[in-house]
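Derivation of every value follows stated rules applied to the coordinates shown; laboratory data play no part. Computed from a predicted model, the values in this text were never measured in an experiment. All Cβ positions, glycine included, derive from the backbone under ideal geometry; neighbour counts span all protein chains shown.
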């Protein structure tokens, strides 16, 4: 159970102060193209953060098993690839049924469809979009927390991180606006009107992403996690 709690802490950001501290240290470096990001550097920064006594995860018994990872594709492209594979599976399955042939799932999963990605331009991959965390799990826990399960946790982590980064950027824009408005520079009527519209729009965007984050944590993740833990406690290990 302690391993599951560690998964919730590090992947589902149950105590997300560690990711806030990590972004304070590593965001500038992670904002570089993924090819220029040093995995050694961000791993060192991540280890520093999780071991810092001021973070709530510093007492986690499994913190030494956490490490950083740079994914080769963005989360969007990863989801598109999975979606295209599912489509390939169904198409191949129907073809095999009609022809009376057996269906080889390994062969199907090894295929990719170039047409599925037509018109999708993801642009250059930044380090922050490639960043993820992974967990070293030994046998026999690896039978449960296998590669498939870990990939799902990583996708959830990348989505939550994206929302946290967006919230962070909108908050920093507010600081920039405050500095600009408090400066001695004089603004024309049109400039003041534009600044007012920008401030109002930024405020609405920040409020929206904060509500989305709140909904994900308190209406989706936590209730379903509590149900899973309750079901696990009912299991007999005899």
_At R0 = 22 Å, how high is the FRET efficiency between residue 51 and residue 148 if r is their beta carbon distance? Nearest 0.05 is fine._
0.15
*asked:* Could you check the spin-label model distance between residue 138 and residue 126? Points 7 Å from the Cα along Cα→Cβ, value in nm.
replied: 3.9
*Sorted by mean Cβ packing within 10 Å, highest first, what order do the peptides 129-137, 200-208, 1-9 take?*
129-137, 1-9, 200-208
*Cβ crowding within 10 Å averaged over residues, with 75-82, 45-52 ranked highest first*: 45-52, 75-82
*Whole Å is fine, so just give me how far the alpha carbon centre of segment 181-237 lies from that of segment 31-52.*
25
*Does segment 1-80 classify as rounded, prolate or oblate by the C-alpha gyration tensor (a ≥ b ≥ c root eigenvalues; a/c under 1.5 gives rounded; else a/b over b/c gives prolate, otherwise oblate)?*
oblate
*Sequence ranges 150-159, 214-223, ranked by mean other-Cβ count within 10 angstrom, highest first*: 150-159, 214-223
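Any chance you could run the full-extension gain for residue 235 through residue 4? It's 0.36 nm times the residue separation minus the Cα-Cα distance, nm to one decimal.
Roughly 81.6 nm would be gained on extension.
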